[in-house]
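Just below is one structure, and these are the notes that go with it.
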Amino acid sequence: MALTLVTGGTRGIGAAVARRLAREGHDLVLGYAHDDDAAAARADEVAALGVTCTVVRADLTADGGVEELFARASAVGVLTGVVNNAGATYRYAPLADTPVEEIRRTIELNLTAPVLVARAAVQAMSTARGGAGGVIVNISSGAATLGSPGEYVHYAAAKAGVDTLTTGLGLEVADQGIRVVGVAPGLTDTELHAATGDPERLARMAPQVPLGRAGTPAEVAEAVCWLMSDAAAYVTGTTLRVAGGR
């Protein structure tokens, strides 16, 4: 049975991915940063679907955080999948009005941490290193190509780096039994918007989406699940946009 690690796996898109993979029979390790109640609820929900679920509290931006998460995962079983999902932005503002420390924090979480998670995933799964092979799915953002002017240019820049990570690493490890793919969600109905102080953003932005609405976490999870499946066995080094045409 597949063992898949999902970073940021207890809320939002990560939680939807966990549910979808559990329905496909993946045993799960779900990383999270601070919300113990959400982690406990997600573990119970996933276990009710008939698979094992281990939740691990780990700060991916702290020294040793990535290593701790992967050590806990390796103690559960043989890792065959990683969904590199953890990420956030903290406010909507022009770049010149965003504090330097917030920019650094955003890039640490949305680019540096995913690079380190991908590195650890290769170390764990590469057939050249004794692993069983597997799939890495990097969660990017439609902002990577749109730039998000006036909102979070620094976040968009970090996610563009994630797209490059997907392309380069996919080519680097193609002969090591690992596929590296990405999913770039567009406007998606999660708690992110309210948490950054703009709960009306979904309604305001939806008319800009050709399909006329925000996406759902479940729709993003469907794309992740397909990319992790054997149906996508010939797909690597590329990012699938799930953004309603925007």
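The values are calculated or read from the model by the stated rules, or taken from the named source; none is laboratory data. This one's a predicted model, so the numbers in the text were calculated from it and none came from an experiment. So basically every Cβ, Gly included, is an ideal-geometry build from the backbone, and we count neighbours across all protein chains shown.
Please enumerate the residues belonging to the range 157-180 that are assigned to a helix (DSSP H, G or I) and crowded, with 21+ Cβ neighbours inside 10 Å. Let's see the steps before the verdict.
Residues of the range 157-180 that are assigned to a helix (DSSP H, G or I), as a first pass: 157-172, 174-176.
Those that are assigned to a helix (DSSP H, G or I) and crowded, with 21+ Cβ neighbours inside 10 Å: Ala158, Lys159, Val162, Leu165, Thr166, Leu169, Gly170.
Evaluate the following for Thr112: is it assigned to a loop (DSSP other than H, G, I, E, B) and either closer than 14 Å to Ala157 by Cβ or without any contact (Cβ under 8 Å) to a residue 60 or more places away in the chain (or both)? Lay out the reasoning, then the answer.
Values: assigned to a loop (DSSP other than H, G, I, E, B): no; either closer than 14 Å to Ala157 by Cβ or without any contact (Cβ under 8 Å) to a residue 60 or more places away in the chain (or both): yes.
Considered against the rule, which asks whether it is assigned to a loop (DSSP other than H, G, I, E, B) and either closer than 14 Å to Ala157 by Cβ or without any contact (Cβ under 8 Å) to a residue 60 or more places away in the chain (or both), Thr112 comes out as no.
Could you check, for the range 201-211, whether at least one of its residues is over 24 Å from Pro149 (Cβ atoms), modelled with pLDDT of 95 or more and assigned to a loop (DSSP other than H, G, I, E, B)?
Kept after step one, since they are over 24 Å from Pro149 (Cβ atoms), are these residues of the range 201-211: none.
No: the range 201-211 contains no residue that is over 24 Å from Pro149 (Cβ atoms), modelled with pLDDT of 95 or more and assigned to a loop (DSSP other than H, G, I, E, B).
State all residues of the range 1-22 that are polar (S, T, N, Q) and not in a strand (DSSP E or B); if no residue qualifies, say none. Lay out the reasoning, then the answer.
At the first step, the residues of the range 1-22 found to be polar (S, T, N, Q) are 4, 7, 10.
Once the filter is applied, which keeps residues that are polar (S, T, N, Q) and not in a strand (DSSP E or B), the range 1-22 yields Thr7, Thr10.
Which one is nearest to Thr167 (Cα to Cα), of the residues in the range 213-246 that are over 17 Å from the mean Cα position of the chain (by Cα) and in contact (Cβ under 8 Å) with a residue 24 or more places away in the chain? I'd like the intermediate steps shown before the answer.
First, the residues of the range 213-246 that are over 17 Å from the mean Cα position of the chain (by Cα): 213-214, 230-235, 244-246.
This time we only want the ones that are in contact (Cβ under 8 Å) with a residue 24 or more places away in the chain, so: 213-214, 232-233, 235, 244-246.
Numbers: Arg213: 29, Ala214: 27, Ala232: 16, Ala233: 16, Val235: 11, Gly244: 23, Gly245: 22, Arg246: 21 Å.
The extreme case among them is Val235.
Under the condition of being of a type in the set (A, V, I, L, M) and surrounded by fewer than 23 Cβ atoms within 10 Å (Cβ to Cβ), which residue from the range 139-155 is nearest to the chain's Cα centre (by Cα)?
Taking the range 139-155 and keeping what is of a type in the set (A, V, I, L, M), we get 139, 143-144, 146, 153.
Right, trim to surrounded by fewer than 23 Cβ atoms within 10 Å (Cβ to Cβ) and you get 144, 146, 153.
Numbers: Ala144: 14, Leu146: 19, Val153: 19 Å.
So, considering only residues that are of a type in the set (A, V, I, L, M) and surrounded by fewer than 23 Cβ atoms within 10 Å (Cβ to Cβ), the one nearest to the chain's Cα centre (by Cα) is Ala144.
Return the residue satisfying two criteria in turn: it lies in the range 21-66 and is of a type in the set (D, E, K, R) and loosely packed, with under 13 Cβ neighbours inside 10 Å, and of such residues it is farthest from Val82 (Cα to Cα).
Looking only at the range 21-66, we keep the residues that are of a type in the set (D, E, K, R), and these are 23-24, 27, 35-37, 42, 44-45, 57, 59, 63.
Those left that are additionally loosely packed, with under 13 Cβ neighbours inside 10 Å: 36-37, 44, 63.
Values: Asp36: 21, Asp37: 23, Asp44: 21, Asp63: 20 Å.
It comes out as Asp37.
What residue, among those in the range 40-65 that are touching a residue at least 24 places away in the same chain (Cβ under 8 Å), of a type in the set (A, V, I, L, M, F, W, C) and in a loop (DSSP other than H, G, I, E, B), is farthest from Leu79 (Cα to Cα)?
Filtering first and then ranking leaves Leu49.
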